Amino acid sequence: LVDPSTLTEASRIAGLEPYSLLVLGTVLVGFAQPYFQCTPPMLSATWFASNERATATATALNFNQIGIAVAFLVGGHMAQNEVGIHSYFGLISLCCALVTAGTFLQFEDKPPSPPSNSEIEKLMRGEVEPPFLETVKNLFGTKGFSIPLAAFICSISITNIVGTFIDEVMERGGITDQLGVDLAGAGFEFAILLGGIIIGGYVDKTKQYKPVTLACLAATMFFVVPLGLTNHMLGNEPVVLVLALLGLGMACGPIQPINAELAVDVTYPSDETAVESVQQVGGNLVSALMVPVAEWALNQDYEFFKKIRVLDSDIRGDVVLLFAVAAVTIVYFNTFDAPLRRTMADDESEGEEGVEATVIDVASVATEEKIGELIR
(Lines give C-alpha, C1' and ligand atoms only; values in the text may rest on other atoms or scores of the structure.)
Protein backbone atom coordinates (compact mmCIF):
# COMPACT_ATOMS: atom_id res chain seq x y z
CA LEU A 1 0.00 0.00 0.00
CA VAL A 2 1.17 3.54 -0.76
CA ASP A 3 1.67 5.77 2.26
CA PRO A 4 -1.00 8.54 2.08
CA SER A 5 1.41 11.31 3.06
CA THR A 6 3.88 10.24 0.38
CA LEU A 7 1.19 10.16 -2.29
CA THR A 8 -0.10 13.58 -1.26
CA GLU A 9 3.41 15.05 -1.49
CA ALA A 10 3.98 13.42 -4.87
CA SER A 11 0.63 14.76 -6.01
CA ARG A 12 1.56 18.30 -5.01
CA ILE A 13 4.90 18.08 -6.83
CA ALA A 14 3.21 16.78 -9.98
CA GLY A 15 0.42 19.34 -9.75
CA LEU A 16 -2.23 16.67 -9.18
CA GLU A 17 -5.13 16.36 -6.76
CA PRO A 18 -4.23 15.50 -3.14
CA TYR A 19 -4.77 12.00 -1.84
CA SER A 20 -7.79 13.07 0.20
CA LEU A 21 -9.62 14.06 -2.98
CA LEU A 22 -8.83 10.69 -4.55
CA VAL A 23 -10.39 9.02 -1.51
CA LEU A 24 -13.42 11.35 -1.72
CA GLY A 25 -13.87 10.49 -5.39
CA THR A 26 -13.75 6.79 -4.58
CA VAL A 27 -16.42 7.27 -1.88
CA LEU A 28 -18.66 9.19 -4.29
CA VAL A 29 -18.36 6.39 -6.84
CA GLY A 30 -19.42 4.01 -4.07
CA PHE A 31 -22.45 6.17 -3.33
CA ALA A 32 -23.47 6.03 -6.99
CA GLN A 33 -23.09 2.26 -7.30
CA PRO A 34 -26.48 1.25 -5.81
CA TYR A 35 -28.31 3.06 -8.63
CA PHE A 36 -26.75 0.59 -11.06
CA GLN A 37 -26.18 -2.57 -9.01
CA CYS A 38 -29.58 -2.67 -7.29
CA THR A 39 -31.86 -2.12 -10.27
CA PRO A 40 -31.30 -5.14 -12.62
CA PRO A 41 -34.11 -7.31 -11.13
CA MET A 42 -36.56 -4.40 -11.46
CA LEU A 43 -35.33 -3.78 -15.01
CA SER A 44 -35.88 -7.45 -15.87
CA ALA A 45 -39.35 -7.59 -14.33
CA THR A 46 -40.43 -4.38 -16.09
CA TRP A 47 -39.07 -5.09 -19.57
CA PHE A 48 -38.60 -8.85 -20.04
CA ALA A 49 -40.82 -11.91 -20.26
CA SER A 50 -40.75 -14.66 -17.65
CA ASN A 51 -38.46 -16.80 -19.82
CA GLU A 52 -35.96 -13.96 -20.28
CA ARG A 53 -35.59 -12.46 -16.81
CA ALA A 54 -32.64 -14.48 -15.45
CA THR A 55 -30.62 -13.80 -18.60
CA ALA A 56 -31.48 -10.10 -18.48
CA THR A 57 -30.55 -9.85 -14.80
CA ALA A 58 -27.30 -11.75 -15.38
CA THR A 59 -26.37 -9.45 -18.25
CA ALA A 60 -27.18 -6.22 -16.39
CA LEU A 61 -25.80 -7.30 -13.00
CA ASN A 62 -22.62 -8.95 -14.24
CA PHE A 63 -21.82 -6.34 -16.89
CA ASN A 64 -20.24 -4.55 -13.97
CA GLN A 65 -17.45 -7.11 -14.43
CA ILE A 66 -16.68 -5.67 -17.88
CA GLY A 67 -15.73 -2.41 -16.21
CA ILE A 68 -13.43 -4.33 -13.88
CA ALA A 69 -11.96 -6.23 -16.85
CA VAL A 70 -11.24 -2.95 -18.63
CA ALA A 71 -9.66 -1.68 -15.41
CA PHE A 72 -7.30 -4.67 -15.48
CA LEU A 73 -6.37 -4.11 -19.12
CA VAL A 74 -6.30 -0.30 -19.32
CA GLY A 75 -5.77 0.66 -15.69
CA GLY A 76 -3.00 -1.88 -15.23
CA HIS A 77 -1.10 -0.19 -18.06
CA MET A 78 -1.90 3.45 -17.28
CA ALA A 79 -2.12 3.66 -13.47
CA GLN A 80 1.45 2.70 -12.62
CA ASN A 81 2.26 6.00 -10.87
CA GLU A 82 0.56 9.15 -9.61
CA VAL A 83 0.53 10.82 -13.03
CA GLY A 84 -0.85 7.66 -14.63
CA ILE A 85 -3.63 7.44 -12.04
CA HIS A 86 -4.60 11.03 -12.85
CA SER A 87 -4.76 10.28 -16.59
CA TYR A 88 -6.70 7.04 -15.99
CA PHE A 89 -9.30 8.75 -13.81
CA GLY A 90 -9.67 11.46 -16.42
CA LEU A 91 -10.29 8.84 -19.12
CA ILE A 92 -12.92 6.91 -17.17
CA SER A 93 -14.62 10.19 -16.17
CA LEU A 94 -14.94 11.13 -19.83
CA CYS A 95 -16.27 7.67 -20.76
CA CYS A 96 -18.74 7.82 -17.89
CA ALA A 97 -20.03 11.22 -19.04
CA LEU A 98 -20.54 9.93 -22.59
CA VAL A 99 -22.38 6.78 -21.44
CA THR A 100 -24.55 8.83 -19.08
CA ALA A 101 -25.52 11.21 -21.88
CA GLY A 102 -26.39 8.26 -24.12
CA THR A 103 -28.52 6.74 -21.36
CA PHE A 104 -30.50 9.95 -20.88
CA LEU A 105 -31.16 10.21 -24.62
CA GLN A 106 -32.47 6.62 -24.88
CA PHE A 107 -34.14 6.18 -21.49
CA GLU A 108 -37.74 4.95 -21.34
CA ASP A 109 -39.67 4.37 -18.13
CA LYS A 110 -41.74 1.34 -19.17
CA PRO A 111 -42.49 -0.76 -22.27
CA PRO A 112 -45.76 -0.28 -24.20
CA SER A 113 -47.25 -3.31 -22.44
CA PRO A 114 -46.32 -5.48 -19.44
CA PRO A 115 -44.01 -8.33 -20.52
CA SER A 116 -45.41 -11.05 -18.23
CA ASN A 117 -48.59 -12.15 -16.48
CA SER A 118 -47.00 -11.64 -13.06
CA GLU A 119 -46.16 -8.04 -13.94
CA ILE A 120 -49.71 -7.47 -15.16
CA GLU A 121 -51.07 -8.88 -11.91
CA LYS A 122 -48.73 -6.68 -9.90
CA LEU A 123 -49.87 -3.57 -11.78
CA MET A 124 -53.51 -4.47 -11.33
CA ARG A 125 -53.05 -4.81 -7.58
CA GLY A 126 -51.78 -1.24 -7.41
CA GLU A 127 -49.98 -1.89 -4.13
CA VAL A 128 -47.83 0.84 -2.61
CA GLU A 129 -44.51 -0.27 -1.16
CA PRO A 130 -43.99 0.52 2.56
CA PRO A 131 -40.88 2.41 3.77
CA PHE A 132 -37.59 0.68 3.01
CA LEU A 133 -36.83 -0.52 6.55
CA GLU A 134 -40.30 -2.03 6.83
CA THR A 135 -39.82 -3.70 3.46
CA VAL A 136 -36.52 -5.20 4.64
CA LYS A 137 -38.24 -6.54 7.75
CA ASN A 138 -40.95 -8.10 5.58
CA LEU A 139 -38.34 -9.66 3.30
CA PHE A 140 -36.56 -11.42 6.15
CA GLY A 141 -39.95 -12.58 7.40
CA THR A 142 -40.68 -14.27 4.06
CA LYS A 143 -39.92 -17.98 3.86
CA GLY A 144 -36.96 -18.70 1.62
CA PHE A 145 -35.52 -15.18 1.33
CA SER A 146 -32.45 -15.71 3.53
CA ILE A 147 -31.22 -18.74 1.56
CA PRO A 148 -30.71 -17.04 -1.84
CA LEU A 149 -29.29 -14.11 0.16
CA ALA A 150 -26.64 -16.44 1.59
CA ALA A 151 -25.82 -17.80 -1.88
CA PHE A 152 -25.53 -14.25 -3.26
CA ILE A 153 -23.20 -13.25 -0.41
CA CYS A 154 -21.09 -16.36 -0.95
CA SER A 155 -20.68 -15.66 -4.65
CA ILE A 156 -19.86 -11.96 -4.40
CA SER A 157 -17.45 -12.58 -1.52
CA ILE A 158 -15.49 -15.24 -3.42
CA THR A 159 -15.29 -13.26 -6.67
CA ASN A 160 -14.32 -10.06 -4.81
CA ILE A 161 -11.61 -11.79 -2.77
CA VAL A 162 -10.12 -13.51 -5.83
CA GLY A 163 -10.19 -10.24 -7.77
CA THR A 164 -8.60 -8.31 -4.91
CA PHE A 165 -5.68 -10.72 -4.52
CA ILE A 166 -5.32 -11.65 -8.19
CA ASP A 167 -1.60 -10.73 -8.20
CA GLU A 168 -0.81 -13.13 -5.36
CA VAL A 169 -2.98 -15.86 -6.88
CA MET A 170 -1.23 -15.61 -10.26
CA GLU A 171 2.22 -15.52 -8.67
CA ARG A 172 1.58 -18.93 -7.12
CA GLY A 173 1.23 -20.38 -10.60
CA GLY A 174 4.35 -18.71 -11.91
CA ILE A 175 2.64 -15.78 -13.65
CA THR A 176 4.52 -12.72 -12.43
CA ASP A 177 4.61 -10.26 -15.35
CA GLN A 178 2.00 -7.53 -15.05
CA LEU A 179 0.52 -8.10 -18.50
CA GLY A 180 -0.06 -11.77 -17.74
CA VAL A 181 -1.73 -10.90 -14.44
CA ASP A 182 -3.92 -8.26 -16.10
CA LEU A 183 -5.00 -10.63 -18.87
CA ALA A 184 -5.85 -13.34 -16.33
CA GLY A 185 -7.84 -10.86 -14.23
CA ALA A 186 -9.73 -9.61 -17.28
CA GLY A 187 -10.44 -13.19 -18.37
CA PHE A 188 -11.85 -13.95 -14.93
CA GLU A 189 -14.25 -10.99 -15.15
CA PHE A 190 -15.36 -11.88 -18.69
CA ALA A 191 -15.96 -15.47 -17.56
CA ILE A 192 -18.30 -14.20 -14.83
CA LEU A 193 -20.42 -12.38 -17.42
CA LEU A 194 -20.38 -15.25 -19.92
CA GLY A 195 -21.30 -17.81 -17.29
CA GLY A 196 -24.17 -15.66 -16.10
CA ILE A 197 -25.62 -15.35 -19.59
CA ILE A 198 -25.30 -19.06 -20.43
CA ILE A 199 -26.50 -20.46 -17.11
CA GLY A 200 -29.10 -17.70 -16.73
CA GLY A 201 -30.56 -18.73 -20.09
CA TYR A 202 -30.91 -22.30 -18.86
CA VAL A 203 -32.63 -21.15 -15.67
CA ASP A 204 -35.03 -19.04 -17.75
CA LYS A 205 -36.16 -22.15 -19.61
CA THR A 206 -36.35 -24.53 -16.66
CA LYS A 207 -36.80 -22.40 -13.48
CA GLN A 208 -34.47 -24.90 -11.78
CA TYR A 209 -33.01 -22.36 -9.37
CA LYS A 210 -32.06 -24.82 -6.65
CA PRO A 211 -30.33 -27.57 -8.70
CA VAL A 212 -28.45 -25.00 -10.77
CA THR A 213 -27.27 -23.05 -7.72
CA LEU A 214 -26.15 -26.24 -5.97
CA ALA A 215 -24.25 -27.30 -9.09
CA CYS A 216 -22.60 -23.87 -9.33
CA LEU A 217 -21.59 -23.98 -5.67
CA ALA A 218 -20.12 -27.47 -6.10
CA ALA A 219 -18.20 -26.31 -9.19
CA THR A 220 -16.98 -23.28 -7.25
CA MET A 221 -15.54 -25.57 -4.58
CA PHE A 222 -13.82 -27.62 -7.28
CA PHE A 223 -12.29 -24.70 -9.19
CA VAL A 224 -11.18 -22.66 -6.18
CA VAL A 225 -8.79 -25.37 -4.93
CA PRO A 226 -6.19 -25.12 -7.76
CA LEU A 227 -5.84 -21.39 -7.06
CA GLY A 228 -3.94 -22.19 -3.87
CA LEU A 229 -2.80 -25.79 -4.34
CA THR A 230 0.81 -26.62 -5.23
CA ASN A 231 1.98 -30.15 -5.89
CA HIS A 232 5.66 -30.28 -4.93
CA MET A 233 6.49 -32.81 -7.63
CA LEU A 234 4.83 -30.91 -10.49
CA GLY A 235 5.67 -27.40 -9.29
CA ASN A 236 3.92 -24.36 -10.77
CA GLU A 237 1.29 -25.03 -13.43
CA PRO A 238 0.28 -21.69 -15.03
CA VAL A 239 -2.12 -23.30 -17.52
CA VAL A 240 -3.98 -25.21 -14.81
CA LEU A 241 -4.19 -22.06 -12.70
CA VAL A 242 -5.63 -19.93 -15.51
CA LEU A 243 -8.13 -22.62 -16.51
CA ALA A 244 -9.23 -22.94 -12.88
CA LEU A 245 -9.62 -19.16 -12.64
CA LEU A 246 -11.81 -19.06 -15.76
CA GLY A 247 -13.83 -22.04 -14.52
CA LEU A 248 -14.35 -20.31 -11.18
CA GLY A 249 -15.67 -17.22 -12.95
CA MET A 250 -18.05 -19.29 -15.08
CA ALA A 251 -19.35 -21.22 -12.05
CA CYS A 252 -19.36 -18.71 -9.22
CA GLY A 253 -20.41 -15.54 -11.07
CA PRO A 254 -23.86 -16.79 -12.20
CA ILE A 255 -24.87 -17.52 -8.61
CA GLN A 256 -25.48 -13.81 -8.03
CA PRO A 257 -28.04 -13.04 -10.78
CA ILE A 258 -29.75 -16.43 -10.41
CA ASN A 259 -30.29 -15.88 -6.71
CA ALA A 260 -31.28 -12.27 -7.20
CA GLU A 261 -34.10 -13.60 -9.39
CA LEU A 262 -34.86 -16.40 -6.93
CA ALA A 263 -35.17 -13.92 -4.05
CA VAL A 264 -37.54 -11.77 -6.12
CA ASP A 265 -39.52 -14.88 -7.05
CA VAL A 266 -40.08 -16.09 -3.47
CA THR A 267 -40.94 -12.59 -2.16
CA TYR A 268 -43.31 -11.61 -5.02
CA PRO A 269 -44.91 -9.05 -5.26
CA SER A 270 -42.22 -7.25 -3.26
CA ASP A 271 -40.07 -4.38 -4.51
CA GLU A 272 -37.34 -5.86 -6.71
CA THR A 273 -34.94 -2.99 -5.97
CA ALA A 274 -35.31 -3.48 -2.21
CA VAL A 275 -34.55 -7.18 -2.60
CA GLU A 276 -31.38 -6.51 -4.57
CA SER A 277 -30.36 -3.68 -2.22
CA VAL A 278 -30.36 -6.07 0.74
CA GLN A 279 -28.31 -8.58 -1.24
CA GLN A 280 -25.77 -5.98 -2.38
CA VAL A 281 -25.37 -4.50 1.11
CA GLY A 282 -24.95 -7.96 2.61
CA GLY A 283 -22.56 -9.15 -0.07
CA ASN A 284 -20.31 -6.10 -0.06
CA LEU A 285 -20.29 -5.86 3.73
CA VAL A 286 -19.25 -9.49 4.15
CA SER A 287 -16.66 -9.08 1.37
CA ALA A 288 -15.14 -6.07 3.15
CA LEU A 289 -14.98 -7.99 6.43
CA MET A 290 -13.40 -10.99 4.71
CA VAL A 291 -10.58 -9.02 3.04
CA PRO A 292 -8.37 -8.71 6.16
CA VAL A 293 -9.08 -12.33 7.06
CA ALA A 294 -8.13 -13.47 3.54
CA GLU A 295 -5.03 -11.26 3.62
CA TRP A 296 -3.90 -12.97 6.81
CA ALA A 297 -4.75 -16.39 5.38
CA LEU A 298 -2.60 -15.69 2.29
CA ASN A 299 0.50 -16.40 4.36
CA GLN A 300 -0.85 -19.58 5.96
CA ASP A 301 0.41 -22.73 4.28
CA TYR A 302 -0.90 -26.22 4.98
CA GLU A 303 1.03 -29.26 3.76
CA PHE A 304 -0.47 -32.74 3.41
CA PHE A 305 0.61 -36.18 2.15
CA LYS A 306 4.17 -35.35 3.22
CA LYS A 307 5.33 -38.97 3.11
CA ILE A 308 3.92 -39.69 -0.37
CA ARG A 309 6.16 -37.91 -2.88
CA VAL A 310 3.68 -38.01 -5.76
CA LEU A 311 0.89 -36.49 -3.67
CA ASP A 312 2.96 -34.20 -1.44
CA SER A 313 1.26 -30.81 -1.75
CA ASP A 314 0.47 -27.65 0.13
CA ILE A 315 -2.54 -25.35 0.04
CA ARG A 316 -2.82 -21.69 1.00
CA GLY A 317 -5.11 -20.51 3.78
CA ASP A 318 -7.12 -18.06 1.66
CA VAL A 319 -8.23 -20.89 -0.62
CA VAL A 320 -9.19 -22.97 2.41
CA LEU A 321 -11.27 -20.00 3.60
CA LEU A 322 -13.10 -19.63 0.27
CA PHE A 323 -13.65 -23.39 0.02
CA ALA A 324 -15.16 -23.39 3.52
CA VAL A 325 -17.48 -20.48 2.66
CA ALA A 326 -18.77 -22.34 -0.41
CA ALA A 327 -19.12 -25.60 1.55
CA VAL A 328 -21.18 -23.99 4.33
CA THR A 329 -23.35 -22.23 1.75
CA ILE A 330 -24.06 -25.41 -0.21
CA VAL A 331 -25.20 -27.18 2.96
CA TYR A 332 -27.46 -24.26 3.89
CA PHE A 333 -28.84 -23.82 0.38
CA ASN A 334 -29.81 -27.48 0.21
CA THR A 335 -32.55 -26.71 2.77
CA PHE A 336 -34.37 -24.37 0.36
CA ASP A 337 -38.03 -25.36 -0.17
CA ALA A 338 -39.94 -22.07 -0.50
CA PRO A 339 -42.68 -21.64 -3.15
CA LEU A 340 -41.81 -19.67 -6.28
CA ARG A 341 -44.61 -17.13 -5.99
CA ARG A 342 -43.89 -15.12 -9.13
CA THR A 343 -43.46 -18.24 -11.26
CA MET A 344 -46.77 -19.52 -9.88
CA ALA A 345 -48.45 -16.22 -10.82
CA ASP A 346 -47.11 -16.53 -14.36
CA ASP A 347 -48.19 -20.17 -14.68
CA GLU A 348 -51.66 -19.65 -13.20
CA SER A 349 -52.41 -16.72 -15.48
CA GLU A 350 -51.33 -18.42 -18.70
CA GLY A 351 -54.60 -20.32 -18.96
CA GLU A 352 -56.87 -17.39 -18.22
CA GLU A 353 -58.35 -15.97 -21.39
CA GLY A 354 -58.21 -12.27 -21.91
CA VAL A 355 -55.79 -11.45 -19.11
CA GLU A 356 -53.08 -10.16 -21.40
CA ALA A 357 -55.60 -8.31 -23.54
CA THR A 358 -57.09 -6.61 -20.50
CA VAL A 359 -53.99 -4.60 -19.73
CA ILE A 360 -52.20 -4.55 -23.05
CA ASP A 361 -51.33 -0.87 -22.99
CA VAL A 362 -49.85 0.57 -19.82
CA ALA A 363 -50.33 4.09 -21.13
CA SER A 364 -54.10 3.58 -21.04
CA VAL A 365 -53.95 2.62 -17.37
CA ALA A 366 -52.93 5.98 -15.99
CA THR A 367 -54.50 5.77 -12.57
CA GLU A 368 -55.22 3.19 -9.90
CA GLU A 369 -58.94 3.91 -10.33
CA LYS A 370 -58.84 2.67 -13.91
CA ILE A 371 -57.01 -0.45 -12.83
CA GLY A 372 -59.72 -1.03 -10.25
CA GLU A 373 -62.39 -0.69 -12.94
CA LEU A 374 -60.60 -3.28 -15.05
CA ILE A 375 -60.52 -5.72 -12.14
CA ARG A 376 -64.24 -5.27 -11.50
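Quick notes on this structure:
- A simple spin-label model places pseudo-atoms 7 Å from Cα toward Cβ; at N81 and F63 they are separated by 3.7 nm.
- With the whole protein complex present, Y19 retains an accessible surface near 70 Å², based on a 1.4 Å probe.
- Sorting D265, D337 by solvent-accessible area of protein heavy atoms yields D337, D265, largest first, with a 1.4 Å probe.
- Backbone amide hydrogens, once placed in the peptide plane, bring S313 within less than 5 Å of H232, F304, excluding anything fewer than 5 places away on its chain.
- Two-site FRET efficiency, E348 against L133, from Cβ-Cβ distance with R₀ of 41 Å, rounded to 0.05: 0.85
- Per residue solvent-accessible surface (Å²) - the stretch 213-303, probe of 1.4 Å: 37 Å²
- For the stretch 50-142: accessible area per residue (Å², 1.4 Å): 61 Å²
- Net lengthening on full extension, I198/V27 (0.36 nm per residue, minus Cα-Cα): 58.2 nm
- When Y209, Y332 are compared by accessible surface with a 1.4 Å probe, the order from highest to lowest is Y332, Y209.
- For T335, the accessible area of its heavy atoms, probed at 1.4 Å with every protein chain present, is near 80 square angstrom.
- Sequence of L183, L214 from largest to smallest accessible area, 1.4 Å probe: L183, L214
- Linear extension gain, F222 paired with F36, 0.36 nm per residue minus alpha-carbon span: 63.8 nm
- When the surface is traced with a 1.4 Å probe over the full set of protein chains, S87 keeps roughly 60 Å² accessible.
- Accessible area of the stretch 180-220 belonging to carbon and sulfur atoms, whole % at 1.4 Å probe: 75 percent
- By accessible area, using a 1.4 Å probe on protein heavy atoms only, the stretch 246-293 has 82% of its surface on carbon and sulfur.
- In this calculation the C-beta distance from L289 to K110 is compared with R0 = 41 Å, giving a FRET efficiency of 0.60.
- Segment Y332-T206, extension gain: residue separation times 0.36 nm, minus the distance between their alpha carbons: 43.1 nm
The values are calculated or read from the model by the stated rules, or taken from the named source; none is laboratory data. As the structure is a prediction and not an experimental result, all values here were calculated from the model. Virtual Cβ from ideal backbone geometry, glycine too; neighbours counted across all protein chains shown. Calculation scope for accessible area: heavy atoms of the full protein, side chains included, ligands and nucleic acids excluded. Shrake-Rupley method; radii C 1.70, N 1.55, O 1.52, S 1.80 Å.
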